[in-house]
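Read through the structure below, which is laid out as structure tokens, and then see the notes.
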């Protein structure tokens, strides 16, 4: 962790959708941290997997408190069997409750929201549903571009944002990417040949290089955005 002093690792009591607990892990790096990063994972892609694990380590190394949400919807039949509209309400309730729980500890001056896949729907929900996060910085990792609400939120975000997606990702759409590149506050990193896990099939070394380049790009983004 470099010179950063780890203060504590806790699991907060977060009542989410229908007051059901939202699993989480909360790293409070030091008593004076003024930046909060939140990781919203994918449907079956946890925060311990590469696309989220390495950015999380970067955030901690830079002295940010880190809340890792672990909702694990893929293991919950009651989520899978809900219609899309109800799933959206569920995601929004869990995502917003997670941020609000962290803000009970401190009113952070800077907030960074990071979502992977379905987690980008969570980020969009927080931006539109929690006024304190309206201007948060955002990382949209392999975003679900076919979700209209998420895509419109990405285009109109008030804070700085960076989207990362591969050309072999089923959600990749060149026309939509072109729109994002024209958006005022959204940067885009397109990775040639990368799939929805930002990996290249049968190319381990190439996949590792993608992770390295992604983390380097995020580090530059954080510095430019003063997060």
Which numbered condition residue 44 misses (of (1) at pLDDT 95 or above; (2) farther than 24 Å from residue 222 by Cα; (3) assigned to a loop (DSSP other than H, G, I, E, B)): (1)
Condition met for residue 57 (more than 25 Å from residue 132 (Cβ to Cβ) and in contact with a helix residue (DSSP H, G or I) (Cβ under 9 Å, 6 or more places away or on another chain)): yes
Qualifying position, being within 22 Å of residue 137 (Cα to Cα), surrounded by fewer than 23 Cβ atoms within 10 Å (Cβ to Cβ) and at pLDDT below 95, among 75, 106: 106
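Of the residues in segment 14-41, how many are in contact with a strand residue (DSSP E or B) (Cβ under 8 Å, 6 or more places away or on another chain), in a loop (DSSP other than H, G, I, E, B) and without any contact (Cβ under 8 Å) to a residue 40 or more places away in the chain?
1
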Residue check, residue 112 closer than 20 Å to residue 30 by Cα, free of Cβ contacts under 8 Å to residues at least 60 places away in the same chain and either buried (at least 23 other Cβ atoms within 10 Å of the Cβ) or touching a helix residue (DSSP H, G or I) at 6+ places or on another chain (Cβ under 9 Å) (or both): no
Criterion (farther than 22 Å from residue 135 by Cα, touching a helix residue (DSSP H, G or I) at 6+ places or on another chain (Cβ under 9 Å) and not in a loop (DSSP other than H, G, I, E, B)) met by exactly one of 162, 198, 176: 176
Residue identified as surrounded by 15 or more Cβ atoms within 10 Å (Cβ to Cβ), under 18 Å from the mean Cα position of the chain (by Cα), on the phi < 0 side of the Ramachandran plot and at pLDDT 95 or above among 141, 176: 141
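The values are calculated or read from the model by the stated rules, or taken from the named source; none is laboratory data. Computed from a predicted structure; not experimentally measured. For neighbour counting, all protein chains shown are included, and Cβ atoms are generated from backbone atoms with ideal geometry for every residue, glycine included.
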